[in-house]
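Colleague: Encoded as structure tokens, here's the structure I'll be asking about.
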Amino acid sequence: MSTILIIAIAFVAVLIGLITFNHFKVKNAKPVTTSKKILILGNKNLKMALRKKILLVDFWAPWCGPCKMVAPILNDIAETEENITVGKVNVDNNQALAKKFKVRNIPTLVIFKNGVEAGRIVGMKSKKTILKEVNAVLAG
């Protein structure tokens, strides 16, 4: 066998191993405790929460790996950003809200400004990216 073929097979084996490791790491990640500053939203209290100047709503599910990864970022935003209110909607328990806001993928972060949807972030994003989007809404 040629050296290139052996290197290619080794590379593919390492890549498969890393993908498998990361899959099980995300799948078995422990749920993050939600910050006390995050509002748990449902049909009954969403209307009141929308009165906030800027509301960042996370549509998530407990079985969603990327949702578990974005949870600590949202906790940090809720704790450090005074001008942003963070809320969470469990799509398993609030399917009607997910349908109303046309949430097709999770995590989906919807940015509301004065009760009106002003932005949307789909998927796992960094704190810097999320804050950039929210600040663009604040400025606009």
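Colleague: Measure nothing fancy, just the Cα-based angle from helix 65-80's long axis to the longest principal axis of the chain, in degrees from 0 to 90, nearest 10.
Modeller: 50 degrees
Colleague: Using θ = phi - 60° and the Karplus relation 6.51 cos²θ - 1.76 cosθ + 1.60, list the HN-Hα couplings for the range 114-127 in order, rounded to whole Hz, with x at every Gly or Pro.
Modeller: Once θ is set to phi - 60°, the couplings for the range 114-127 become 6, x, 10, 4, 10, x, 8, 10, 10, x, 6, 10, 6, 4 Hz.
Colleague: Let me ask something else. Count the DSSP beta bridges whose two residues both fall in the chain, then state the antiparallel fraction as a percent rounded to the nearest 5.
Modeller: 60 percent
Colleague: What relative contact order, as a whole-number percentage, does the chain give when Cα pairs under 8 Å and 6 or more residues apart are counted?
Modeller: Result for the chain is 26 percent.
Colleague: While we're on this one: If N is the number of residues in the range 39-139, what value comes out of its Cα radius of gyration divided by 2.2 N^0.38 Å? Display every interim value, and only then the final one.
Modeller: Values: Rg = 12.2 Å, N = 101, 2.2 N^0.38 = 12.7 Å.
That ratio works out to 0.96.
Colleague: Another one. What are the ³J(HN,Hα) couplings of the range 100-106, residue after residue, when phi is run through the Karplus curve with 6.51, -1.76, 1.60 and θ = phi - 60°? Round to Hz, x for glycine and proline.
Modeller: Values per residue, Gly and Pro as x: 4, 9, 6, 7, 10, 10, 10 Hz.
Colleague: Still on this structure: With each run of n ≥ 4 DSSP H residues scored as -39500 (n - 2.57), what mean residue ellipticity at 222 nm is computed for the chain after dividing by its residue count and rounding to the nearest 500 deg cm²/dmol?
Modeller: After summing the helix terms and dividing by the residues of the chain, the value is -14500 deg cm²/dmol.
Colleague: Next question, about the same structure. I'd like the FRET efficiency for N43 and E82, computed as 1/(1 + (r/R0)^6) with the beta carbon distance as r and R0 of 22 Å, rounded to 0.05.
Modeller: Efficiency computed from Cβ-Cβ geometry: 0.20.
Colleague: Helix 3-27: angle to the longest alpha-carbon principal axis of the chain, degrees 0 to 90, nearest 10?
Modeller: It is inclined by approximately 30 degrees.
Colleague: Within the set K36/K99; K37/K88; K100/K128; K44/K100, which residue pairs have Cα atoms separated by over 20 Å?
Modeller: Listed pairs above 20 Å: K36/K99; K100/K128.
Every number in this text was worked out from the coordinates using simple rules, so none of it is lab data. Because the structure is predicted, anything quoted here is derived from the model rather than measured. Neighbour counts run over all protein chains shown; Cβ positions are idealised from the backbone, glycine included.
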